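To start, the structure itself, in structure tokens.
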Amino acid sequence: MLTFIVRRLAWTVLVLFVISVITFFIFFKTPGVDPARALAGRNPNAQTLAEIRAQFGLNRPLPVQYLLMMKQLFVTRSLVSYSNQGLLVVPELAAAAPATLSLVFGAAVIWVVVAIVMGVAAALLRGTWLDPVLMILALIGISAPVFWVGTLANYITQGALHNSFLFRWVPPLGYTPFTQSPSQWFLGLLIPWITLSILYIGLYARVLRGSLLEVQNEDFVRTARAKGLRESRVVVRHTLRNSMITFVSLFGLDFGALVAGGALLTEVVFSIHGIGYLTWQAFQSLDLPTIMATVVFGAFFIVLANALVDVAYAWLDPRVRPT
Amino acid sequence: MAEPLLEVRDLKVSFRTEDGTVKAVDGVSLEVAEGETLGIVGESGSGKSVTMMSVMRLINDPNMRVEGEVFYRGHDLMKLTQEQIRAIRGPGIAMIFQDPMTSLNPVYKIGWQISEQIRAHEKISAKAAHARAVELLRAVGIPHAQERVDDYPHQFSGGMRQRVMIAMAVSCNPDLLIADEPTTALDVTIQAQILELIKKLRDDYGTSVVLITHDMGVVADIADRVAVMYAGRIVEQGSLRSVFYDAEHPYTWGLLGSIARLDRPRPPRLTAIKGTPPSLIHLPQGCAFGPRCPYRFDLCTEVPSLENRLGNGHLDACHLDPERKRDLRETAIHPELAGRGQPELTEESR
């Protein structure tokens, strides 16, 4: 276990290094990018630009600039945004994280529960008309882009039907921290949760159904039946339990990617100022320090999610445990 | 005669497929008495496994159709509710499957899997069930049962896994044990051990056994009675002795000719049955074995019924005259002995 953790940590450091280097060099090799110009404001003269370059170290060789930025990001945490010099990037990121975590975590709960119910129902109802209906619903969920679903949801709940009894409870767009008001936190996130989870419900329900049908034909399921177990126990403890191995590994990766900023579209549509929103803004203003911080943060979460998937995998499947 | 433990009457199992209806089992009737061992022999696809799985209602195929009656202790298993049949699986009828590598759930400890069955049928604490699992593992010859009870299936060899399957099957003291090719997937050396184990448990607990196999040698080792199946029908049925020494059906002759025997001179080459089993969708007109049978004649275009042609309790489904069969039998099974007359059989040589 200890070697596993050490190996994972070393792996994480390596991934973060490679990703940050790639991000850094892509940024400076992008044509038309000049941080000094962004920092200097409107119509700067040559002297101002030179001063800014000297002040921010932009006139030094790129590797030195890279190390300087890493030092400011990880050690002194004093990295300043290019577009707003009063803004420290690291605290900004820390402030955005709870919104993203709330959004992704809630959506994950919904999509796991609903996908399991839908997948199991479809597998058990195979041969009836309900199975294809459920799977078509899932396919619609996968095909509907999240920005479209989100905009539509906003149109209905914030605009057209906001004053009807159905949606009067929906608060205005934006994120209310849990510590400030748990009920507003919940109500404000409910529509975004559902919007974000629709795609994953469809995906996971289909994957789970396929996996269940595969496991259903396994000899050990027949053995479970021959043992005289109740059908519900056969399905839950034997069929579903083995199907969860695929399900969980998929979940870990998707969850990690969403926390890492993958929920960007949902955050933008619902004005939730999370990691994705921050990334989106940073890209619009080509604000390298913020981009760098969010990318490193995201990479860290993806590596972490991978490690957790490995742990969960070993827990679910004794065959892959190290002996 | 006492009521048999299990009585199958005119069982028919068919599957609808894209190419037509597959008649996997076509009117099988058989009985198993208390304490008796019945061997069901036949090639792959002859319907032996499907017959016994239908008895336990273990086939879950929406395209399947089952007709007929299966009486177990006076209940027609085909008419029972899910809950009633569930209660019989395990303590009433238990089953061992062909492939021990895939028949155990890979994610649970074997002790847990045995306890799970015990606890599904008896009110017993988890601890007591676990202790019984250890006892059972010891009884089926797993070394260090106390430690190995908490191992996972992948930590066992194929033979050991089959022992675990057997321990699980006998965990609720079943009246009837169905063993579906229990040794087919195992090494030859392990096969004999597993058969010995089944025999021992049968004798210790007085369990009835139905052993499904394609191996005449296995049947000779264990069965009291033998049913030979071909293309979804029973073609011959009788005591072990009568099937081995007075086989009446040319297909059985073929099976007997294809095994090496120590009580006969060694043939230069074992005889094989020519041709392949018929398609179960388009069965040949009349006797299903007809197209492969070297002795077929005019009457074979009619389906022969399974009946007692000699008045000695031995059933066969062949139109040939019993006199003629007696003449043909030896040469059919042992062509190399033709013209040498009946070999002497002594009690020791069996």
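Just so you know, all these numbers are worked out from the coordinates, no wet-lab data involved. A quick note: this is a predicted structure, and the numbers were derived from the prediction, not measured. Every residue, glycine among them, receives a Cβ derived from its backbone with ideal geometry; neighbour counts consider all protein chains shown.
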Quiz prompt | Gyration tensor over alpha-carbon atoms, the stretch A:214-256, equivalent ellipsoid semi-axes in Å | solution = 26, 10, 5
Quiz item: Nearest 10 degrees, 0 to 90: what angle lies between the long axis of helix A:182-216 and the longest principal axis of chain A (Cα atoms)?
Solution: 50
Quiz item: Considering only DSSP states other than H, G, I, E and B, which trypsin sites (Lys or Arg not before Pro) in the stretch B:117-156 qualify as loop sites with at most 12 other Cβ atoms within 10 Å?
Solution: B:K123
Quiz item: On alpha-carbon atoms, Rg over Rh for the stretch B:112-180 using Kirkwood Rh?
Solution: 0.94
Exercise. Give the Kirkwood hydrodynamic radius (Å, one decimal) of the stretch A:173-243, defined as one over the mean of 1/r across all pairs of different Cα atoms.
Key: 15.0
Quiz item: For the stretch A:50-101, what are the per-bin percents of Cα-Cα distances with bins 10 Å wide, up to the bin holding the maximum?
Solution: 23, 46, 24, 7, 0
Self-check item: the stretch B:137-277: projected area of the alpha-carbon convex hull, averaged over directions, in nm²
Solution: 10.5
Practice problem: Fewest Cβ neighbours within 10 Å first, please rank B:M95, B:M160, B:M229, A:M70 accordingly. | Solution: A:M70, B:M160, B:M229, B:M95
Quiz item: Roughly what % antiparallel, to the nearest 5, for the DSSP beta bridges in the protein assembly as shown?
Solution: 60
Quiz item: By count of other Cβ within 10 Å, fewest leading, how are B:V25, A:V21, B:V303 ordered?
Solution: A:V21, B:V303, B:V25
Quiz prompt | Residue pairs, from the table B:K48/B:K199; B:K200/B:K274; B:K23/B:K123; B:K23/B:K79; B:K79/B:K325, whose Cα atoms sit over 32 Å apart | solution = B:K200/B:K274; B:K23/B:K123; B:K79/B:K325
Quiz item: Over all pairs of distinct alpha carbons, what does the Kirkwood formula give as the hydrodynamic radius of the stretch B:75-118, in Å?
Solution: 12.3
Quiz item: Of all the stretches in chain A, which is the longest one without any exposed loop site, taking trypsin sites (Lys or Arg not before Pro) in a DSSP loop (any state but H, G, I, E, B) with at most 10 other Cβ atoms within 10 Å?
Solution: A:169-323
Quiz item: Hey, which aspartates and glutamates would be in cross-link range of B:K12, C-alpha to C-alpha under 14 Å, not counting anything within fewer than 8 residues on its own chain?
Solution: B:D26, B:E67, B:E69
Quiz prompt | Approximate spin-label separation A:F105-B:T17, in nm, with each point projected 7 Å along Cα-to-Cβ | solution = 5.4
Self-check item: Most mobile of A:Y313, A:Y200, A:Y277 in a GNM of chain A (Cα contacts under 10 Å)
Solution: A:Y313
Quiz item: If each Cα of chain A is one equal point scatterer, what is log10 of I(q)/I(0) from the Debye formula at q = 0.08 Å⁻¹?
Solution: -0.51
Practice problem: Return the single residue from B:G74, B:G254, B:G206 with maximal mean-square fluctuation; model: Gaussian network over chain B, springs between Cα atoms under 10 Å. | Solution: B:G74
Quiz item: Under the Kirkwood approximation for Rh and a Cα-based Rg, what ratio Rg/Rh is obtained for the stretch A:3-91?
Solution: 1.06
Practice problem: In square nanometres and to one decimal, what's the mean projected area of the convex hull around the Cα atoms of the protein assembly as shown? | Solution: 43.3
Quiz item: Which residues make up the longest stretch of chain B that has no GluC sites (Glu not before Pro) in a DSSP loop with at most 15 other Cβ atoms within 10 Å?
Solution: B:123-301
Practice problem: Obtain the radius of gyration and the Kirkwood radius of chain B from its C-alpha atoms and give Rg over Rh. | Solution: 0.99
Quiz item: For the stretch B:27-128, what is the per residue volume of the convex hull drawn over the alpha-carbon atoms, in cubic angstrom?
Solution: 158
Quiz prompt | Amide H contacts under 5 Å for B:A179, placed H, 5+ residues apart | solution = B:I96, B:V210, B:L211, B:I212
Quiz item: Taking a ≥ b ≥ c as the square roots of the eigenvalues of the Cα gyration tensor of the stretch A:106-246, is the shape rounded (a/c under 1.5), prolate (a/b larger than b/c) or oblate?
Solution: prolate
Quiz item: Relative to the compact globular guide of 2.2 N^0.38 Å, what is the alpha carbon radius of gyration of the stretch B:1-68, as a ratio?
Solution: 1.20
Quiz item: Using a basic spin-label model with each label point 7 Å from the Cα along Cα→Cβ, how many nm lie between A:R168 and A:F28?
Solution: 6.0
Quiz prompt | Cα-based reach from B:K127 at 20 Å (exclusive), listing lysines while leaving out same-chain residues under 8 positions away | solution = A:K227, B:K109
Exercise. With +1 on each Lys and Arg Cβ and -1 on each Asp and Glu Cβ, and nothing else charged, work out how big the dipole of the stretch B:1-69 is about its Cα centre, in Debye to the nearest 20.
Key: 260
Practice problem: May I ask which residue of B:L77, B:G257, A:P172 lies farthest towards the positive end of the charge dipole of the protein assembly as shown, with charges of +1 (Lys, Arg) and -1 (Asp, Glu) on Cβ and the Cα centre as origin? | Solution: A:P172
Exercise. Give me A:W129, A:W185 ranked fewest to most by other Cβ atoms within 10 Å of their Cβ, as a rough exposure proxy.
Key: A:W129, A:W185
Quiz item: Under Stokes-Einstein, with the Kirkwood radius over Cα pairs standing in for Rh, what whole-number D in µm²/s applies to the stretch A:202-323 at 25 °C and 0.890 mPa s?
Solution: 144
Quiz item: Residue separation times 0.36 nm, minus the C-alpha to C-alpha distance between A:I156 and A:R60: what's the value?
Solution: 29.2 nm
Exercise. Quick one: among A:I198, A:I156, A:I110, which has the greatest mean-square fluctuation in a GNM of chain A with alpha-carbon springs under 10 angstrom?
Key: A:I156
Self-check item: R0 of 30 Å, Cβ-Cβ distance B:K127-B:D203: FRET efficiency to nearest 0.05
Solution: 0.50
Exercise. Compute the long axis of helix A:89-124 from its Cα atoms, compare it with the longest principal axis of the Cα atoms of chain A, and write down the angle in degrees, 0 to 90, nearest 10.
Key: 20
